[in-house]
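Just so you know, all these numbers are worked out from the coordinates, no wet-lab data involved. Remember, it's a predicted structure, so these values are computed and weren't measured experimentally. Here the Cβ is made from the backbone with ideal geometry for all residues, glycine too, and neighbour counts use every protein chain on show.
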Amino acid sequence: MTAEPVYEVLARSATVSLTATVIASLLGISLGTALALAGLPGRRLLTAVVNTGMAVPTVVVGLIVALLLWRSGPLGDLNLIYTVRGMIIAQVAIATPLITGITMAALQLLPPELPEQLRSLGANRRQLVLRLWIEARLPLLAAAMAGFGHAISEVGSATLVGGNIHGQTQVMTTAIVENVSRGEFGTAIVYGVILLVLAFVVNSLLASIQQRGAVWARN
């Protein structure tokens, strides 16, 4: 095994998951804010859908996305199946409910009188939301990081939507499965160690954010 294939797969994995995390964060934080603050019609139903989405196995999400993107599916004309863009869509679908749920919980834990205080000071809706995001900045950052960790570590949707095509859609998790199936455990272990290091870094940062949040809350 040469270093270049591992680097390429690692770069592709990071690109797909980081792109998906950015998109999912924009969607999830916005939706979570709306569910936490606004009296949306069907709020309970939407909250239930978000909570369900957080628990749905990633392979099921991948199956749904694959059926939508399949050449004979509703979005087949877009030619997104077995592409990096299709994988990004699948990971967005996986990470968005998690980020939405954490955002909603974080904003609901803020002092309930804070929105009224901001309104009494003349804050418009945009200023109100931005201030609440600043107050909940650490949990929101943790939500994005959790979404990234969830996206980069999944294998089901990456296989179904990406197809594990060498040089095109293979990512670390699908590379591990393929190498194990071929008995090439050394290569699989290399990818596994990289994922473990990434998981350790993400979890360490999350723990640091939580500690900072606890100190900030006490102060």
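Within the listed set V65, V161, V190, the residue fluctuating most in the Gaussian network model of the chain (springs between alpha-carbon atoms under 10 angstrom) is V190.
For the chain, relative contact order (Cα pairs under 8 Å, six or more residues apart, normalised by length) works out to 28 percent. Cα centroid separation, segment 29-88 to segment 121-170: 13 Å. Taking other residues whose beta carbon is less than 14 angstrom from the beta carbon of T173, and scoring Lys, Arg as +1 and Asp, Glu as -1, yields -1. Summing charges over neighbours of P115, with a neighbour being any other residue whose Cβ is under 14 Å away from its Cβ, gives +1 when K and R count +1 and D and E count -1.
Comparing segment 3-218 with the 2.2 N^0.38 Å rule of thumb, its C-alpha radius of gyration ratio is 1.14 (two decimals).
Other residues with beta-carbon under 15 Å from the beta-carbon of A14 carry, at +1 per Lys or Arg and -1 per Asp or Glu, a net charge of -1. Residues considered: E184, E135, E113. Largest GNM mean-square fluctuation over the chain, using C-alpha springs under 10 Å, is found at E113. Mind telling me which of A142, A38, A14 comes out most flexible in a GNM of the chain, alpha-carbon contacts under 10 Å? Top of the fluctuation ranking is A38.
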